[in-house]
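In what follows, a structure is listed as structure tokens, so that the remarks can point back to it.
Read-outs throughout are calculated quantities, based only on the coordinates presented, and are distinct from any laboratory measurement. All of these numbers come straight from a predicted model, not from anything done at the bench. FYI the Cβ positions are ideal-geometry reconstructions off the backbone, even for glycines, and counts take in every protein chain you see.
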Amino acid sequence: MHRPVCVKCEVELRPKKNGVGLLDYADFGEYQIWDADLWECPRCNYQIVIGFGHSPIDIHNTDSFSATVECYKQKSKVIENREASQ
């Protein structure tokens, strides 16, 4: 597998944090959360979220959704994807 490359700096990005939560939004609010990895350019600090699984970790209509989102907020980092709601 080839690492992602920063177009600006022409160097490979490096993993910064594994197991971040990416929270997708829908028109009604929080929709689903994915487990992914945060990568960063060692020169310009550009960041990208990649390494998603085949399906979300949890979705809004389950009893566990709020607890799952809170767990990611406590242990890691949550990136909000509000574009998904448009």
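The residues in the stretch 19-29 that are buried (at least 17 other Cβ atoms within 10 Å of the Cβ) and more than 26 Å from Lys8 (Cβ to Cβ) can be counted, and the count is 4.
Of the listed requirements (1) surrounded by 15 or more Cβ atoms within 10 Å (Cβ to Cβ); (2) more than 16 Å from the chain's Cα centre (by Cα); (3) among the hydroxyl-bearing types (Ser, Thr, Tyr), Ser64 misses just one: (1). Looking at this structure, is Tyr31 hydroxyl-bearing (Ser, Thr, Tyr), out of contact with any Ser or Thr (no Cβ under 6 Å at 6 or more places or on another chain) and closer than 22 Å to His2 by Cβ? Against the criterion (hydroxyl-bearing (Ser, Thr, Tyr), out of contact with any Ser or Thr (no Cβ under 6 Å at 6 or more places or on another chain) and closer than 22 Å to His2 by Cβ), Tyr31 does not qualify. The number of residues in the stretch 34-61 being surrounded by 15 or more Cβ atoms within 10 Å (Cβ to Cβ) and under 8 Å from the mean Cα position of the chain (by Cα) comes to 6.
All conditions in (1) surrounded by 13 or more Cβ atoms within 10 Å (Cβ to Cβ); (2) out of contact with any strand residue (DSSP E or B) (no Cβ under 9 Å at 6 or more places or on another chain) hold for Asn81, with the sole exception of (2).
Within the stretch 1-46, which residues are in contact with a Leu (Cβ under 9 Å, 6 or more places away or on another chain) and either touching a residue at least 60 places away in the same chain (Cβ under 8 Å) or within 14 Å of Glu80 (Cα to Cα) (or both)? Residues satisfying the conditions are Lys17, Val20, Glu30, Tyr31, Gln32, Ile33, Trp34, Asp35, Ala36.
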